[in-house]
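Okay, structure first, notes after.
The values are calculated or read from the model by the stated rules, or taken from the named source; none is laboratory data. Given the structure is predicted, the values throughout are model-derived calculations rather than measurements. Here the Cβ positions follow ideal geometry from the backbone for every residue, glycine too, while neighbour counts run over all protein chains shown. Side chains are part of the model used for accessible areas, which takes the heavy atoms of the whole protein and leaves out ligands, DNA and RNA. Shrake-Rupley method; radii C 1.70, N 1.55, O 1.52, S 1.80 Å.
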Amino acid sequence: MSPHLHAVRVERVWAAGGVVRIAARTRELTVACPDCGLGATRVHSRYCRTLADVAVGGRPVLIRLSVRRLFCDAPGCGRRTFAEQVEGLTVRYQRRSPLLQHLVEMAGVLLAGRGGARLLQILKGRCHGRVCCSM
């Protein structure tokens, strides 16, 4: 469906209320600690993130992604736990995919601020006011 979803396991795709929803989870791979770089596999917990993605067929897309929180077992590392990030799909603290974030930024830059804001308001209306396009 989307090339940036290749790194996750898509469990379900459905349309509800004019929105395409995707339920996915990360693959069970070793993840490098963001501080020390040591690979971690010991799972602390899982939690779900909801990410807005670019529209498909004129419908907004919301991804509910189950990600792992992992322990860093390196003796000299100050970080005890960290959340895994999926390259091309998640960025720390973001609720938009990098592709949608880039679209929002380019609309603001290319349409000189106010024009971009108006365009995103129109898109937001199409998305029924969800997190998809709001700035």
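Miscellaneous remarks
- Residues satisfying the stated conditions in the range 51-89, i.e. assigned to a loop (DSSP other than H, G, I, E, B), among the charged types (D, E, K, R) and within 15 Å of Val8 (Cβ to Cβ): Glu84, Glu87
- Subset of the range 31-44 [assigned to a strand (DSSP E or B) and either open to solvent by 40 Å² or more (accessible area, probe 1.4 Å) or of a type outside the set (Gly, Ala, Ser) (or both)]: Val31, Ala32, Gly39, Val43, His44
- Scanning the range 79-89 for residues that are free of Cβ contacts under 8 Å to residues at least 60 places away in the same chain and open to solvent by 30 Å² or more (accessible area, probe 1.4 Å) yields Arg79, Arg80, Thr81, Gln85.
- When Arg12, Arg42 are checked against the criterion of being closer than 23 Å to Leu99 by Cα and among the charged types (D, E, K, R), Arg12 stands alone in meeting it.
- Test: residue in the range 4-23 that is in a loop (DSSP other than H, G, I, E, B), acidic (Asp, Glu) and either open to solvent by 70 Å² or more (accessible area, probe 1.4 Å) or in contact (Cβ under 8 Å) with a residue 60 or more places away in the chain (or both): no
- When Gly76 is tested against (1) open to solvent by less than 60 Å² (accessible area, probe 1.4 Å); (2) without any contact (Cβ under 8 Å) to a residue 60 or more places away in the chain; (3) out of contact with any Ser or Thr (no Cβ under 7 Å at 6 or more places or on another chain), only condition (1) is not met.
- Filtered residues of the range 6-35 (kept if out of contact with any strand residue (DSSP E or B) (no Cβ under 7 Å at 6 or more places or on another chain) and not aliphatic (A, V, I, L, M)): His6, Gly17, Glu28, Asp35
- Candidates are the residues of the range 45-65 that are surrounded by 14 or more Cβ atoms within 10 Å (Cβ to Cβ) and closer than 30 Å to Gly78 by Cβ; the one that is nearest to the chain's Cα centre (by Cα) is Leu51.
- Among (1) within 23 Å of Leu120 (Cα to Cα); (2) in contact with a helix residue (DSSP H, G or I) (Cβ under 8 Å, 6 or more places away or on another chain), the one test that Tyr93 misses: (2)
- Within the range 90-117, no residue that is within 28 Å of Val8 (Cβ to Cβ) sits with its Cβ atom under 6 Å from a residue that is basic (Lys, Arg) and in a loop (DSSP other than H, G, I, E, B) at 6+ positions apart or across chains.
- The range 90-107, subset assigned to a loop (DSSP other than H, G, I, E, B) and in contact with a strand residue (DSSP E or B) (Cβ under 8 Å, 6 or more places away or on another chain), residue nearest to Arg49 (Cα to Cα): Arg95
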